[in-house]
Amino acid sequence: MTSVRLDIWLDVACLFKTRSEAQKAIKGGKVDVNGENAKPQKGIKVGDVLDITRPFGRRMRVIVQGVTENHIPKAEARKLYEDVTPP
């Protein structure tokens, strides 16, 4: 099974504007993978559940649907995850 670094995946999936922004959030404890604190180099695979803490305390939960390291159009990037954030 293929996996991609967490910081790269968050950038490619357009969940963060840049990879360094994603790294800062991960190091700041704002991103959990399957309920555990993650490091930027953590391998992400299909089926992983990410909990992302956004500004103002908003929480976002996404399920990984696809992995790639290559930048793709934003419309396609949205297909890399399913947003299951409770309302």
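The values are calculated or read from the model by the stated rules, or taken from the named source; none is laboratory data. Note that the structure is a prediction, hence the values are computed from the model and not measured. Here Cβ is always computed from backbone atoms with ideal geometry, including for glycine, and neighbour counts include all displayed protein chains. What goes into the accessible areas is simple: the full protein's heavy atoms, side chains included, and nothing from ligands, DNA or RNA. Shrake-Rupley method; radii C 1.70, N 1.55, O 1.52, S 1.80 Å.
Which of the three applies to the chain, rounded, prolate or oblate, going by the alpha-carbon gyration tensor with a ≥ b ≥ c and a/c under 1.5 meaning rounded? Spell out each step's value before the answer.
Values: a/c = 1.29, a/b = 1.19, b/c = 1.08.
Here the chain falls in the rounded category.
Which net charge results when you count Lys and Arg as +1 and Asp and Glu as -1 among the other residues whose beta-carbon is under 10 Å from that of Ile63?
Working: positive: Arg61; negative: Asp48, Glu82, Asp83.
In short, -2.
Is the shape of segment 2-43 best called rounded, prolate or oblate, per the rule: a/c under 1.5 gives rounded, else a/b larger than b/c gives prolate, else oblate, with a ≥ b ≥ c the square roots of the Cα gyration tensor eigenvalues?
oblate
Heads up, I need the accessible area for Thr85: 1.4 angstrom probe, whole protein in place, Å², nearest 10.
Estimated to the nearest 10 Å², Thr85 gives 50 Å².
Which part of segment 38-65 falls in the paramagnetic zone of Thr85, meaning amide N under 20 Å from the point 7 Å along Cα-to-beta-carbon?
Flagged as within label range: 38, 47-65.
Multiply the residue gap between Arg78 and Glu21 by 0.36 nm, knock off their C-alpha separation, and tell me the result in nm, one decimal place.
18.7 nm
Say the dipole of segment 33-87 comes from +1 at the beta carbon of Lys and Arg and -1 at that of Asp and Glu; which of Gln65, Val84, Gly43 then lies farthest toward its positive end?
The residue sitting farthest along the positive end of the dipole is Val84.
Per residue, how much accessible area does segment 1-66 have with a 1.4 Å probe, in Å²?
Working: 3690 Å² over 66 residues.
Accessible area per residue, segment 1-66: 56 Å².
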